Every structure is written in structure tokens, then in C-alpha cells.
Amino acid sequence: MNTPQSPGAASLVLADCLDLTAAAPLKADLLAARGTPLLLDASSVRRLGAQCVQVLLAGRAAWSGDGLEWRITDPSPEFAEAARLMGCADLAETAPAGDAVAEAGPADLDAADPGLADLPFAPIPE
């Protein structure tokens with residue numbers, strides 16, 4: 001599937017292996033793109049681990065809180081299946097962010113600024 005890029009949106013190609021060792025670099029990439037609409041290309045993802053799912057969910061919550069577009073484009077079958085198995089099938093949906101992001105994060109997030117650094121999850125090893 002070919003999704004047109006939104007004007008002014010940053011684009012990030014996700015690594016093929018999103019495991020524990022990819023979580024910290026993924027978080028850094030998301031933080032570097034903070035404040036702009038973001039399109040994440042998941043077409044080459046072959047492995048998706050829980051740690052990176054957690055980072056992606058935190059990112060989606062942060063972008064939603066900022067009122068900015070955040071979308072995963074062209075999810076690979078492996079990405080979609082892993083997300084489905086972890087109860088996050090909506091990560092692989094290619095509808096624009098904002099359609100179903102109300103349930104993006106835990107209810108106790110600070111709606112004013114759900115920054116990635118402030119989300120309630122364990123630190124990611126560097």
C-alpha cells in the first residue's frame with residue numbers, strides 16, 4: 001500500500017528488527033521528531049518485540065496529546081501479526097492518527113503533556 005506523505009510531516013523508516021536493543025534508538029528517533037507530524041514506515045519490519053511496541057504506543061500517545069498526525073504506513077505482515085498478538089492490532093491500521101487515538105495510552109497520562117520521558121514505563125537500557 002502506498003500512503004501519501006502529509007505536507008510538513010517527518011518520515012521515519014522503522015528498522016527490520018524492533019527488539020529490546022532497538023527500543024532505545026527508536027525512542028531517540030521519536031524524541032528527535034517530536035513537535036512535527038510523523039509517518040513511520042513499517043514495511044521492512046520483520047520482528048517486533050514488546051519493548052518497541054511500548055515505545056510506539058508511548059509515541060502515539062504523545063503525538064495524540066500534541067494534536068499532531070502520527071501514522072504507521074505500509075506495515076509488513078510480520079509487523080501487523082506481532083502487533084495483533086500483543087493486543088495492539090490498531091498499530092498496524094493505516095488510518096490517519098486521530099481516528100482511534102483516544103485509547104492510545106493509559107488513562108492516567110497527563111493530557112496536557114504526555115511526553116515520552118514522562119510515561120509510566122520502565123527505563124529502556126541504552
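Read the figures in this text as sums done on the coordinates, not as results from a lab. Computed from a predicted structure; not experimentally measured. Cβ coordinates were reconstructed from backbone atoms using ideal geometry, including for glycine residues, and neighbour counts include every protein chain displayed.
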Handout entry: Mean Cβ neighbour count within 10 Å, used as a protection proxy, ranking 42-48, 85-91 highest first
Key = 42-48, 85-91
Handout entry: the stretch 10-102, dipole about Cα centre (Lys/Arg Cβ +1, Asp/Glu Cβ -1), debye to the nearest 20
Key = 220 debye
